[in-house]
Amino acid sequence: MSDSPITLRETPTPQDRESIREILESTGFFYPDEIETAMALLDERLARGVASGYHFLFADRDGRTVGYACFGPIACTRASYELFWIGVREDCRGQGIGKQLLRETETIIRGMGGGRVYIETSSRELYVPTRAFYLRAGYREEATLQEFYGPGDGKVIYVKAFGE
């Protein structure tokens, strides 16, 4: 565990592509096609800028990206946003980096006029700590869609409304 401070930044770079892959692979949570999807969102942002609708927040320590979040407005809503991805390198988990990323992401969303944040995750046993993390952060479980991702793998949707 490093004592070096975390630096947060919002501007993505092409080098973040490999960082995102390393972060997500290190967790052991994601399938290869999910990781490719996460990197495609970065590619879209790099190609189109903020017009892509994808916003990023990176956590850097000692010149290495150790965590990130990707979020954006939900189309056809007035003030709802979705946290598409949040991940912290396995060797950096338990240090409050995920909590710091989530809090700052919420601050950015509020600054952009957001009133609600939605998060979806898997119902698989592997994701019990993830679901507990969202509950501790003040999100409430809004719905579960059974078998959404596949047999035995439902989608659990969480929401946090600002000002409630």
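The values are calculated or read from the model by the stated rules, or taken from the named source; none is laboratory data. Just so it is clear, the structure is predicted and the values come from calculations on it, not from any experiment. So basically every Cβ, Gly included, is an ideal-geometry build from the backbone, and we count neighbours across all protein chains shown.
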*asked:* Among the residues of the stretch 137-147, are any surrounded by 13 or more Cβ atoms within 10 Å (Cβ to Cβ), at pLDDT below 95 and of a type outside the set (V, I, T)?
replied: no
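Yes or no, residue by residue, for (1) among the aromatic types (F, W, Y); (2) at pLDDT below 95:
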site: G49; (1), (2): no, no
site: Y54; (1), (2): yes, no
site: I97; (1), (2): no, no
site: L135; (1), (2): no, no
site: G154; (1), (2): no, no
site: F162; (1), (2): yes, yes
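Regarding R89, is this residue surrounded by 15 or more Cβ atoms within 10 Å (Cβ to Cβ), within 18 Å of V66 (Cα to Cα), touching a strand residue (DSSP E or B) at 6+ places or on another chain (Cβ under 7 Å) and among the basic types (K, R)? Working first, answer last.
Details: surrounded by 15 or more Cβ atoms within 10 Å (Cβ to Cβ): yes; within 18 Å of V66 (Cα to Cα): yes; touching a strand residue (DSSP E or B) at 6+ places or on another chain (Cβ under 7 Å): yes; among the basic types (K, R): yes.
Yes.
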*Could you please find all residues in the stretch 73-109 being within 21 Å of I23 (Cα to Cα) and assigned to a loop (DSSP other than H, G, I, E, B)?*
R89, R93, G94, Q95, G96
*asked:* On the basis of being touching a helix residue (DSSP H, G or I) at 6+ places or on another chain (Cβ under 6 Å) and assigned to a helix (DSSP H, G or I), does E44 make the cut?
replied: yes
*Please give the number of the condition G115 fails out of (1) within 21 Å of I74 (Cα to Cα); (2) surrounded by 14 or more Cβ atoms within 10 Å (Cβ to Cβ); (3) within 17 Å of the chain's Cα centre (by Cα); (4) not hydroxyl-bearing (S, T, Y).*
(3)
*How many residues does the stretch 12-54 hold that are without any contact (Cβ under 8 Å) to a residue 40 or more places away in the chain and more than 14 Å from the chain's Cα centre (by Cα)?*
22
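Quick one: which of T65, T27, T11 is more than 22 Å from V159 (Cβ to Cβ) and surrounded by fewer than 14 Cβ atoms within 10 Å (Cβ to Cβ)?
Exactly one residue qualifies, and that residue is T11.
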